[in-house]
Amino acid sequence: MAQSKAKSDNKGALIYVLKGEDDSLVGARLQMLLDELIAPAQRVTVLLDINGPGASLPDVLDELRTLPFLADKRVVVVRNADDFISDNRELLEKYFDAPCPTGILVLIVSDWRSNTKLARKLPEVGRLITVTQLKAPELAQRLVEYAREAHDKKLSSQTARILIDLTGDDLPRLYSEIDKLTLYVEREKTITPAHIESLIGYNRIFGAFEVIDAISAGSAAQAVDRLRRMFAEDSSAEYTVVGAFAYHLRRMFNAKIQLEKGDHPDKIAGRLQIWSNKERFFAQLRQMSLRQIGDYLRRLGQTDYEIKTGRAKTPVAMEQFVLELVAC
């Protein structure tokens, strides 16, 4: 339904303005738009993708007015178009008055003021798409929709949140992980947490497990060595290491609550989908109190905030996190 709604919203639009400051998010949204406008096989013949600072408006208009070959529309994307728009505002205003019916212009900008003539003309001929950082629930829902629309796969919101925990919140990277998961599950219709752990998360979760094991044993040197190994063996660890620790610690927290209620470990493992290293997981869990695990999660949250606000680099911040836990 989300895909058909997007297509109906785009019907008849000849000009799009994509406004956003995060290049990766804007790039992901542009790919979605291009998927709605033209088939991948047509892009070689009907898509022109250029950078605004080096773009010539006459060339752009000529391209838009050239009849498309074996397609309904020709598409011209102008990236970093803020200065391109400022330098050609009057001519663009005239084009907005009478856009070519067989050409679609996509302008990517970081700012789009609503009080300009172009902004007032745009709703008559096209759409403004504002791209902002998605909050966690919205991001999970977007992944659910992407799995369904792009691959006809079922992905629950809970499973999507696990993927975000293990991969980070970079949307293009998350799309790429879903693409890989689709190939991994082959003919299965549903992407499950077990698939994610097997393909993406096992090494990351096991690495976090090993570090926490060393912390529980009071060995700072071993904990730091195992943490550094995570960075050395995984090029994406800078973006995923916090998520791996958070995922493991949350499972420990939930499992500890259920253990203290008297539930059997086998039942807990089934509910929390703990398939690998089950005996070691519960052995580790018995060495820690619920309050201790909660404190680890709180400290990890502080570390994550320092990383995201640029106050610390990920490897340094995580080593400090590990050393603090050993010392407490």
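The values are calculated or read from the model by the stated rules, or taken from the named source; none is laboratory data. From a predicted model like this one, the values you see are computed outputs, not experimental measurements. Positions of Cβ are backbone-derived with ideal geometry, glycine not excepted, and every protein chain shown enters the neighbour counts.
Considering only residues that are surrounded by fewer than 18 Cβ atoms within 10 Å (Cβ to Cβ) and touching a helix residue (DSSP H, G or I) at 6+ places or on another chain (Cβ under 8 Å), look in the stretch 199-212 and name the one that is modelled with the lowest pLDDT.
Ranking the qualifying residues of the stretch 199-212, first place goes to N203.
So P137 fits all but one of (1) surrounded by fewer than 18 Cβ atoms within 10 Å (Cβ to Cβ); (2) in contact with a Phe, Trp or Tyr (Cβ under 9 Å, 6 or more places away or on another chain); what number is the exception?
Looking at each condition in turn, P137 falls short on (2).
Which is in contact with an Asp or Glu (Cβ under 8 Å, 6 or more places away or on another chain) and among the aliphatic types (A, V, I, L, M), of I164, I191, I205?
Numbers: I164 fails: in contact with an Asp or Glu (Cβ under 8 Å, 6 or more places away or on another chain); I191 fails: in contact with an Asp or Glu (Cβ under 8 Å, 6 or more places away or on another chain).
Matching residue, one of I164, I191, I205: I205.
So if I check each of R120, R127, R142, which one is among the basic types (K, R), closer than 30 Å to L92 by Cβ and assigned to a helix (DSSP H, G or I)? Please lay out each step first, then the result.
Numbers: R127 fails: assigned to a helix (DSSP H, G or I); R142 fails: closer than 30 Å to L92 by Cβ.
Answer to the selection: R120.
Considering (1) free of Cβ contacts under 8 Å to residues at least 12 places away in the same chain; (2) crowded, with 18+ Cβ neighbours inside 10 Å, say which one G54 fails and leave the rest.
Here G54 meets the rest and fails (2).
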